Amino acid sequence: MERMSTVEMQIAERSRRYPGEPLTNLHSFITVDFLESFLELNKQGASGVDGESWSTYNEQRRERISTLHASFKSGNYRAPEILRAYIPKGDGKQRPLGIPTVGDKVLQRAVTRY
């Protein structure tokens with residue numbers, strides 16, 4: 001059985017209490033601890049437009065996550081450009097793929113945990 005944090009339980013309770021209402025403000029629930037979901041990211045994942053890999057981000061993880069959290073909470077965070085890559089398909093066509101930066105992946109992972 002997977003453990004749920006108090007925050008996750010609060011969100012689940014709100015979802016049950018107001019079933020037709022979308023959860024539009026997860027902003028208040030994102031904490032530095034939730035941004036530690038960085039460790040769950042694919043360590044071999046592709047780098048975004050900034051060229052930064054998981055391992056280079058990890059070298060300054062605490063500072064980077066703290067800065068990311070402060071930027072997000074202040075409302076100053078803007079998702080960086082997405083690196084566009086194309087993957088060949090079996091029929092000879094190509095499928096577009098958007099690759100975010102590591103920092104953006106961290107924030108996306110934290111939000112999707114809810």
Tell me which residues, restricted to the stretch 100-114, are over 8 Å from the mean Cα position of the chain (by Cα) and either closer than 19 Å to Asp50 by Cα or not charged (D, E, K, R) (or both).
Pro100, Thr101, Val102, Tyr114
Checked the stretch 45-65 for anything more than 20 Å from Val32 (Cα to Cα), in contact with a Leu (Cβ under 7 Å, 6 or more places away or on another chain) and not small (Gly, Ala, Ser); matches are Val49
Does any residue of the stretch 101-108 turn out to be of a type in the set (A, V, I, L, M) and surrounded by fewer than 16 Cβ atoms within 10 Å (Cβ to Cβ)?
no
Within the stretch 66-85, residues over 17 Å from Asp33 (Cα atoms) and either part of a loop (DSSP other than H, G, I, E, B) or within 14 Å of the chain's Cα centre (by Cα) (or both) come out as Gly75, Asn76, Tyr77, Arg78, Ala79, Pro80, Glu81, Ile82
Which members of the stretch 15-68 meet the condition of being among the basic types (Lys, Arg) and surrounded by 12 or more Cβ atoms within 10 Å (Cβ to Cβ)?
Arg61, Arg64
Using beta carbons and a limit of 7 Å, which pairs, at least six apart or on different chains, have the first residue in the stretch 44-66 and under 18 Å from Ala79 (Cα atoms) and the second one in a loop (DSSP other than H, G, I, E, B) and acidic (Asp, Glu)?
Val49/Glu81
May I ask you to list the residues in the stretch 33-88 that are more than 13 Å from Asp104 (Cα to Cα) and among the polar types (S, T, N, Q)?
Asn42, Gln44, Ser55, Thr56, Asn58, Gln60, Ser66, Ser74, Asn76
Enumerate the pairs (first residue in the stretch 10-23 and closer than 17 Å to Arg113 by Cα; second residue anywhere and small (Gly, Ala, Ser) and modelled with pLDDT under 80) with beta-carbon separation below 8 Å, excluding pairs fewer than 6 apart on the same chain, so at least 6 apart or on different chains.
Leu23/Ser15
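The values are calculated or read from the model by the stated rules, or taken from the named source; none is laboratory data. What you see is a predicted model, and the numbers here were worked out from it, not measured in a lab. Here the Cβ is made from the backbone with ideal geometry for all residues, glycine too, and neighbour counts use every protein chain on show.
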